[in-house]
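The values are calculated or read from the model by the stated rules, or taken from the named source; none is laboratory data. None of these values were measured; they are calculated from a predicted model. Cβ sites come from the backbone with ideal geometry, for glycine too, and all protein chains shown count toward neighbours. Protein only, heavy atoms only, side chains kept; ligands, DNA and RNA dropped before computing areas. Shrake-Rupley method; radii C 1.70, N 1.55, O 1.52, S 1.80 Å.
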Amino acid sequence: MGRPHPGVDRGVVIVGSGMAGAQTAMALRRRKYPGTVTLVGAEAELPYQRPPLSKEYLKGSLEDGGLLLRPAQFWAEHEIELVADVEAVRIDRMAQHITLSDGRKLPYAHLVLALGAENRSLPGVPVPRGVLGLRTIGDARALRARLQHGRELVIVGGGFIGMEVAAAARERGARVTIIEAMDRIMARVLSEEMSQYFSDRHREQGVQILTACEVARFSGDRHVTGVELADGSQLPADTVLIGIGVSPNTELADACGLEVAGGIVVGADLLTADRCISAIGDCALFPDPVSGASHRLESIQNATDQAQQVAKRLTGDGAGYDAVPWFWSNQYDLKLQIAGVAPSGGQSLVRGDPAQGSFSVCRFDGDRLAAIESVNRPADHIAARKLIGTEAARRLSRDQLADPTVPLRSLVLSPVA
Ligand SMILES: Cc1cc2nc3c(=O)[nH]c(=O)nc-3n(C[C@H](O)[C@H](O)[C@H](O)COP(=O)(O)OP(=O)(O)OC[C@H]3O[C@@H](n4cnc5c(N)ncnc54)[C@H](O)[C@@H]3O)c2cc1C
């Protein structure tokens with residue numbers, strides 16, 4: 001690696017060594033960024049992947065080493081300075097440095113905030129010490145250990161993480177109850193059809209799903225013994241997990257005067273109003289290139305693509321961020337893949353036969369094809385990622401989309417008017 005160019009010797013400091021932060025550091029080195037790259041992380045672990053924590057890791061088919069994003073020696077070999085187990089506590093924008101929790105100051109030419117998010121706590125209900133959450137490898141170790149002995153798992157929250165844990169726990173033989181406040185599972189993201197399909201599959205596997213249902217109180221403390229619902233009914237439990245979504249980590253940005261509105265506000269270039277500070281990944285609120293609305297996404301694709309984008313800009317290639325969002329979730333033998341983002345309440349149509357266990361739901365925002373959700377239909381998903389947001393998608397008829405004998409791939413290339 002050559003010497004830093006004049007003017008960039010302060011280098012890039014990245015706060016947050018999760019997916020977005022680590023990918024930024026790697027992309028900078030791949031793109032031959034000449035300055036120093038420092039990755040500051042509050043967690044003690046080397047950068048690791050979160051998705052397996054609610055899937056393979058919980059089932060026991062993957063161990064700690066398999067979670068690492070790169071082997072331990074990678075970071076030093078690529079001249080990425082890892083500062084682990086230390087928090088950034090303050091940003092001084094005038095002096096262009098951050099202060100760490102151990103008192104050190106790190107100067108930066110450019111600062112990337114990749115702060116992620118933390119689990120939301122349950123409002124209005126005292127939560128005993130023995131109740132678990134799932135965000136970090138430490139959380140996953142605790143949950144996995146409990147599932148080795150626990151037979152009675154109650155999960156508060158029927159979102160992706162809750163439903164993935166339910167599937168893994170069933171495969172390990174636990175009895176599982178889901179308590180969901182809304183009237184269907186994974187409702188924040190999925191169409192009604194897809195929610196229904198996953199509810200049916202979970203129920204077939206023996207998961208009890210209680211919707212429109214809220215927790216009144218927990219019993220026990222370090223050892224939780226039960227959950228009382230708002231209607232007075234009692235559920236036995238020896239393990240309770242709360243998975244009701246996350247809040248972005250924005251305090252650091254807020255405290256130094258950057259705009260925060262349910263996420264750190266950035267433009268299409270992923271820059272804050274301070275041109276020396278970018279924000280990416282779960283913590284960033286950015287403009288959706290298709291709808292123009294600001295949104296925040298919680299996915300590996302978003303974290304990774306935004307990291308690439310920032311690294312490109314910092315190495316002289318300044319295009320805006322306009323990737324089609326995509327996401328996946330594995331539950332039992334079902335591989336769910338989603339391309340695009342659909343508003344709730346829009347129209348949808350089903351492509352293929354849910355009874356065959358392989359189908360897609362096309363979702364619309366008015367007339368615009370906004371998202372395609374696919375189960376065990378990877379070809380639809382790959383084509384959807386190319387189709388969403390294009391002119392071709394605007395010209396497609398609903399009949400064309402609904403016909404499962406017409407490959408979506410062929411519509412990407414030559415939509416019939
Ligand atoms: C159990 C689980 C399963 C998931 N499954 C999927 C999936 O199947 N598919 C998918 O697409 N997405 C999945 N996700 C979501 C995905 O993992 C996240 O969207 C992604 O990790 C976001 O990356 P990030 O770097 O923005 O945030 P994070 O991964 O949260 O990393 C942020 C890091 O910043 C650190 N940090 C915060 N503040 C500071 C500070 N002041 N100083 C220093 N460090 C700080 C945090 O400790 C954290 O390590 C899953 C998430 C979880 C928890």
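The set of residues in the range 280-323 that are within 23 Å of Gly245 (Cβ to Cβ), more than 8 Å from the ligand (Cβ to nearest atom) and β-branched (Val, Ile, Thr) contains only Thr304. One residue alone among Gly316, Gly345 is free of Cβ contacts under 8 Å to residues at least 12 places away in the same chain, open to solvent by 10 Å² or more (accessible area, probe 1.4 Å) and under 18 Å from Leu190 (Cβ atoms), and that residue is Gly345. Of the residues making up the range 353-374, one or more are within 30 Å of Gly162 (Cα to Cα), buried (at least 22 other Cβ atoms within 10 Å of the Cβ) and among the polar types (S, T, N, Q). Within the range 41-64, residues that are free of Cβ contacts under 8 Å to residues at least 24 places away in the same chain reach partners that are more than 8 Å from the ligand (Cβ to nearest atom) and in a loop (DSSP other than H, G, I, E, B) with beta carbons closer than 6 Å, at six or more positions or on different chains, in the pairs Pro52/Leu62; Glu56/Leu62. Residue pairs whose Cβ atoms lie under 8 Å apart, sitting 6 or more positions apart in sequence or on different chains, and linking a residue in the range 106-131 that is open to solvent by 70 Å² or more (accessible area, probe 1.4 Å) to a partner that is among the hydrophobic types (A, V, I, L, M, F, W, C) and not in a strand (DSSP E or B), are Arg120/Ile244; Ser121/Val127. Scanning the range 141-191 for residues that are touching a Ser or Thr at 6+ places or on another chain (Cβ under 8 Å), among the charged types (D, E, K, R) and more than 16 Å from the ligand (Cβ to nearest atom) yields Glu152, Glu180, Asp183, Arg184.
Among the conditions (1) in contact with a Gly (Cβ under 8 Å, 6 or more places away or on another chain); (2) surrounded by fewer than 24 Cβ atoms within 10 Å (Cβ to Cβ), Ala20 misses just one, which is (2).
Across the range 46-82, the qualifying residues are those that are away from the ligand (no atom under 13 Å from the Cβ) and among the acidic types (Asp, Glu), and the one among them that is least open to solvent (accessible area, probe 1.4 Å) is Asp64.
Considering only residues in the range 182-229 that are without any contact (Cβ under 8 Å) to a residue 12 or more places away in the chain and open to solvent by less than 10 Å² (accessible area, probe 1.4 Å), the one that is farthest from Ala370 (Cα to Cα) turns out to be Gly226. Might you check whether a residue that is under 30 Å from Phe218 (Cα atoms), part of a loop (DSSP other than H, G, I, E, B), more than 11 Å from the ligand (Cβ to nearest atom) and modelled with pLDDT of 95 or more occurs anywhere in the range 100-120? Within the range 100-120, one or more residues are under 30 Å from Phe218 (Cα atoms), part of a loop (DSSP other than H, G, I, E, B), more than 11 Å from the ligand (Cβ to nearest atom) and modelled with pLDDT of 95 or more. If you go through the range 35-62 and keep only what is part of a loop (DSSP other than H, G, I, E, B) and within 21 Å of the chain's Cα centre (by Cα), you end up with Ala42, Glu43, Ala44, Glu45, Leu46, Pro47, Gln49, Arg50, Lys55, Leu62.
Could you tell me whether the range 307-323 includes any residue that is assigned to a strand (DSSP E or B) and modelled with pLDDT under 95? Taking every residue of the range 307-323 in turn, none turns out to be assigned to a strand (DSSP E or B) and modelled with pLDDT under 95.
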